[in-house]
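To start, the structure under review is shown below, and the notes come after it.
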Amino acid sequence: MSKSGFVTRTLAIATLLMVASTPIQAAKVYRLKLAETWPSNFPVFGDAVRNMAKMAEEMSDGRLKIRIDSKNKHKAPLGIFDLVKGGQYDMGHSASYYWKGKVPETLYFTTMPFGMIAPEQYGWFNHGGGQELMDKVYSKHGLMSFPGGNTGNQMGGWFQKEINSLDDLKGLKMRIPGFAGEVMAKLGAKPTNIPPGELYTALERRTIDALEWVGPSLDLRMGFHKIAPYYYTGWHEPATELQFLVNKRKFDRLPKDLQQILKVAMKTAAYDMYIQSYNDSAVNWEKMKSDFPHIKIRTFPKEVLQALRRANDELLKDNARKSPLAKEIIQSQQEYLNKVRVWTNISDKAYLDSL
């Protein structure tokens, strides 16, 4: 072997030994901060957030870590929109209809009175143009919004007094957010929105006369049955979808694979929350019937439901006139509902009616 060949080989071996002895650089870890509307360790809603964060970390092999701050930490349960938009937090978990005072078109993406049930609404979001319309609304604010978990059909609420006529709604102080609150106001009620942690105290102290929260999955834990005897069936939130809010600039800085992992984690956690909520409502409803037989289940009288529906239709027409974007969303939802409800009626409803 020539001298030059020997030197070249020696240098090559030395280079290989140096590379082999150099520690492999650890993969970069991306850390996100999430603010949720709910208190610490809140069941169902909070479970969805924790499940999402866990899945994102596991699927990314630890490269994506999400820190969760509940309302106890950030002190702004109904301020998640601003926290994420302003960049104090990278993500949020809340409900879109809480932002109707800031951006009126956001309220349509939680649920609508007399609207779609959960499977229908998931169809609209994922295959009927709902996600694209939500993108259209939130992108103007540097935000991305994704379905964040569905409660299914919610109960109509807890009332101190029985509702026998439209007169009983006049002056009624009720915690009821979203479009349903506007419907109630049109019939003379006084709707308000109160964070979850303050609901029991408000009802107990008669600051409000009634409230709607979710259903047995969460209402039993809140203890409303101890202070309000009448529990009404629902009309106002047939498919309440929470939301994952994401700061778009932060999302765009993530590697493409982590963007997809985050999307998959959010979508999976959202649907799993729907399943959990359905199960927990069934379990807790059984407990309510056996342990608290004093609870009086009621359905609003026909004249009240008819008036609520008329008010709902009138408000939808008014909103469509005021905002072209609202009109686009309302039309999309109504057209999809008209199509999908035919199938719901000849499948699930026909089956249940035959039992």
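The values are calculated or read from the model by the stated rules, or taken from the named source; none is laboratory data. Quantities reported herein were computed from a predicted structural model and do not represent experimental measurements. A quick note on method: Cβ atoms are made from the backbone with ideal geometry, for glycine too, and the neighbour counts reach across all protein chains shown.
Taken over the range 98-137, the criterion of being over 14 Å from the mean Cα position of the chain (by Cα) and without any contact (Cβ under 8 Å) to a residue 40 or more places away in the chain is satisfied by GLY101, LYS102, VAL103, ASN126, HIS127, GLU132, ASP135.
Quick check on the range 254-283: of everything there that is of a type in the set (Lys, Arg) and touching a residue at least 60 places away in the same chain (Cβ under 8 Å), which residue is nearest to ASP47 (Cα to Cα)? So, considering only residues that are of a type in the set (Lys, Arg) and touching a residue at least 60 places away in the same chain (Cβ under 8 Å), the one nearest to ASP47 (Cα to Cα) is LYS267. Out of TYR97, TYR122, one residue alone is buried (at least 23 other Cβ atoms within 10 Å of the Cβ) and in contact with a Pro (Cβ under 9 Å, 6 or more places away or on another chain). It is TYR97. Which of the residues spanning the range 323-353 are free of Cβ contacts under 8 Å to residues at least 60 places away in the same chain, under 17 Å from LEU107 (Cβ atoms) and of a type outside the set (S, T, N, Q)? Passing the criteria: PRO324, LYS327.
Looking at the range 285-302, is at least one residue under 24 Å from THR151 (Cβ atoms), within 24 Å of the chain's Cα centre (by Cα) and not assigned by TED's automatic domain parsing to the domain that holds MET116? Yes: one or more hits. Here the range 195-217 is the region considered, the condition is being touching a strand residue (DSSP E or B) at 6+ places or on another chain (Cβ under 8 Å) and among the aliphatic types (A, V, I, L, M), and the residue that is nearest to GLU162 (Cα to Cα) is ALA210. The single residue among ASP61, ASP90, ASP82, ASP47 that is surrounded by fewer than 10 Cβ atoms within 10 Å (Cβ to Cβ), acidic (Asp, Glu) and modelled with pLDDT of 95 or more turns out to be ASP61.
Based on this model, can you work out whether MET144 counts as among the aliphatic types (A, V, I, L, M) and over 19 Å from the mean Cα position of the chain (by Cα)? No: the conditions fail for MET144. As a summary of the residue check, ASP82 satisfies the conditions (1) assigned to a loop (DSSP other than H, G, I, E, B); (2) more than 21 Å from LYS267 (Cα to Cα) except for the one numbered (1).
Where in the range 153-246 are there helices (runs of 4 or more DSSP H), lying wholly inside it, with at least 1 residues that are more than 24 Å from ARG309 (Cβ to Cβ) and outside the structural domain of THR268 (by TED's automatic domain parsing)? Working first, answer last.
Working: elements: 178-186, 199-204, 216-222.
Fully inside the range 153-246 and qualifying: 199-204, 216-222.
The condition (being in a strand (DSSP E or B) and out of contact with any Lys or Arg (no Cβ under 8 Å at 6 or more places or on another chain)) is satisfied by just one residue among GLY92, GLY62: GLY92.
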